[in-house]
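The values are calculated or read from the model by the stated rules, or taken from the named source; none is laboratory data. On a predicted model such as this, the values are computed, not experimentally measured, just so you know. Cβ placement follows ideal geometry from the backbone for every residue including glycine, while neighbour counts extend to all protein chains displayed. Side chains are part of the model used for accessible areas, which takes the heavy atoms of the whole protein and leaves out ligands, DNA and RNA. Shrake-Rupley method; radii C 1.70, N 1.55, O 1.52, S 1.80 Å.
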Amino acid sequence: LLLNAMTHKRAIILIFGFGFLLRLVYILYTGILVRQHDLSSFGTPVEAGGKGHATYIEYFYERFRLPDFDVRRVFQFYHPPLHHMISALWLRLQTGLGIEYAAALENLQILTLFYSSACMLLSYRIFGYLKLKGAALIAACAVIAVHPTFLMLAGSVNNDILCITLVLASVVAAFRWYEKPTFPRIILLALCIGLAMMAKLSGGIVAIAVALLMLLRLIYRKISVKRLLAQYTVFGVICIPTALWWQIRNLVLFDVPLGYVPRLSESADQYLGNYSVWERFFDFSMRTPWDAYQASATYQTLYGYEFFEHNIFYGALKSSLFGEYYIGKNSPIFSGLAAVLFYARILMFAGAVVGAVYLIYKLVRSIRKPQAFLEEFGTGRALPCFMLLFEAALLVTYVQFCFAYPHFCSMDMRYIVPVLVIHAFFFGIFLQKMQKKGTRSARILCWCAGIVTAVFCIGSACFYVFAV
């Protein structure tokens, strides 16, 4: 058993090392302006019409102060400023050391490389708390290490990946606090959630699932009610101001509505409001040979789309693999590899659904026999319930967002990236169940799942190393 444990640890270390190397290779060949979201361009100040995350970062780099105007005036300035402040400080440190400004800008991807790599370690900690072991743990870690979403976000210089990293840190902090509710641990939890929302307001979705843990700890308390309520007060005093000071400031100074997000025009080419609710959920029609992609484009330009995907969950699946881009569009080899990735991901998702259904079934059964759940899964019911509620909260808010802002870009997986970690956990549950069952059919399913996982991981690595 000790040898097996050491072998599994070494395998995970190698997987994470490979995942880091993939991220590094990806950012070296993509560059600061390639496959970005809402970045615009560097070198144009606000007064000259500058906009986007690039101008936002340079605003802090040059002026060392918060915007003194209505943030709705400049594209992307409505976002909380944590990522942009850190990026500006990183630029200032580099240029202070004599590094050329153009090189310092390229080095902004070092920050996002660090954030994306940290997601691997945080996911591993989450899986550890949830008692994934052996091949199930290796498979879950491998999926996160080489998943295309995390590779693309390693090179994306906007605020998405910092928020995602802090959300995953919030999950780890929540599990640690639930295990042993102390003041230092709840302070760390409050800071993680507060800073996640200071990077991007949607980071606050994790608080819904954290509230469940707080309620369960109050019901099944290890310490006095008085001490727990004192901890909850400290949590609120730290988390709420950290999370919401930017929105409150803009409301007070410029009458910007809380939770403000700008709307795209209905005349935009990516507007999807003309599709019915049925089509947004259940239309899986095949339109072109490039159907594995989120959108189809002409050979001449990156954004010359022939169609935009309108199915919400199909869009999330496609964008998790290729973003909103048409990578490798000129190569029959990579179009085939894209299809392999696409169908391998569907099969893995099916396994995750089976794992989730089985987990829910066991949770319902455990109402009468909670000890049986502990014996099978190695953990109590609170943390799996957290994952299920977090998944539900992410999906509900995602669907609501897609209908409130009915445009193609609203369906991007980058808005709900933590579901990838949750699905990796469910997929691990599926593998563990098949291993424990031990029947011939279960062993065959286990082998098939392992092959599909390997195909997905190798395919992702090849696609994002060679499909420039």
Residues in segment 350-387 that are open to solvent by less than 40 Å² (accessible area, probe 1.4 Å) and hydrophobic (A, V, I, L, M, F, W, C) total 10
Candidates Ala454, Ala449, Ala461 - the one that is more than 21 Å from Val172 (Cβ to Cβ), part of a helix (DSSP H, G or I), without any contact (Cβ under 8 Å) to a residue 12 or more places away in the chain and of a type outside the set (Lys, Arg): Ala454
Pairs, please: C-beta under 8 Å, at least 6 apart or cross-chain, first residue without any contact (Cβ under 8 Å) to a residue 24 or more places away in the chain and in segment 375-401, second among the aromatic types (Phe, Trp, Tyr) and surrounded by 16 or more Cβ atoms within 10 Å (Cβ to Cβ)? Gly380/Phe373; Arg381/Phe373; Phe401/Tyr415
Is it true that Phe127 is touching a Pro at 6+ places or on another chain (Cβ under 7 Å) and not aliphatic (A, V, I, L, M)? no
Tell me yes or no: at least one residue of segment 254-261 is assigned to a helix (DSSP H, G or I) and modelled with pLDDT of 95 or more. yes
Taking the stated definitions as given, is Gly50 open to solvent by 20 Å² or more (accessible area, probe 1.4 Å), of a type in the set (Gly, Ala, Ser) and either in contact with a helix residue (DSSP H, G or I) (Cβ under 8 Å, 6 or more places away or on another chain) or over 30 Å from His147 (Cα atoms) (or both)? no
Name every residue in segment 283-299 that is modelled with pLDDT of 65 or more and surrounded by 12 or more Cβ atoms within 10 Å (Cβ to Cβ), in order of residue number. Asp283, Ala292, Tyr293, Gln294, Ala295
Within segment 75-88, count every residue that is open to solvent by less than 70 Å² (accessible area, probe 1.4 Å) and more than 20 Å from Cys192 (Cα to Cα). 4
Take residues that are open to solvent by 20 Å² or more (accessible area, probe 1.4 Å) and tell me which of the helices (runs of 4 or more DSSP H) falling wholly in segment 89-189 contain 2 or more. 101-106, 108-129, 134-146, 160-179
When restricted to Trp278, Trp245, the only residue within 26 Å of the chain's Cα centre (by Cα), open to solvent by 50 Å² or more (accessible area, probe 1.4 Å), among the hydrophobic types (A, V, I, L, M, F, W, C) and at pLDDT 90 or above is Trp245
Could you list, in sequence order, all residues of segment 3-62 that are among the aromatic types (Phe, Trp, Tyr), modelled with pLDDT of 95 or more and farther than 28 Å from Leu132 by Cβ? Tyr56, Tyr59, Phe60, Tyr61
Go through (1) without any contact (Cβ under 8 Å) to a residue 24 or more places away in the chain; (2) open to solvent by less than 20 Å² (accessible area, probe 1.4 Å) one by one and return the number of the condition Met434 breaks. (2)
Can you confirm whether segment 249-269 contains a residue that is crowded, with 19+ Cβ neighbours inside 10 Å and more than 18 Å from Tyr129 (Cβ to Cβ)? yes
Residue hits (segment 57-74; assigned to a loop (DSSP other than H, G, I, E, B) and surrounded by fewer than 17 Cβ atoms within 10 Å (Cβ to Cβ)) are Phe64, Arg65, Leu66, Asp68, Phe69, Asp70
Listed residues Leu302, Leu317, Leu347; which is within 14 Å of Ser410 (Cα to Cα) and either open to solvent by 10 Å² or more (accessible area, probe 1.4 Å) or modelled with pLDDT under 85 (or both)? Leu317
The number of residues in segment 370-402 that are closer than 16 Å to Ser202 by Cβ and hydrophobic (A, V, I, L, M, F, W, C) is 9
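Condition check ((1) in contact with a helix residue (DSSP H, G or I) (Cβ under 6 Å, 6 or more places away or on another chain); (2) outside any helix (DSSP H, G or I)) across all residues:
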| site | (1), (2) |
| --- | --- |
| Tyr325 | no, yes |
| Gly336 | no, no |
| Gly351 | yes, no |
| Gln371 | no, no |
| Ala392 | no, no |
| Val421 | yes, no |
Looking only at segment 437-456, which residues are open to solvent by 20 Å² or more (accessible area, probe 1.4 Å) and within 26 Å of the chain's Cα centre (by Cα)? Gly450, Ile451, Val452, Ala454, Val455
Hits in segment 21-56 (condition: aliphatic (A, V, I, L, M), without any contact (Cβ under 8 Å) to a residue 60 or more places away in the chain and not in a loop (DSSP other than H, G, I, E, B)): Leu21, Leu28, Val46, Ala48
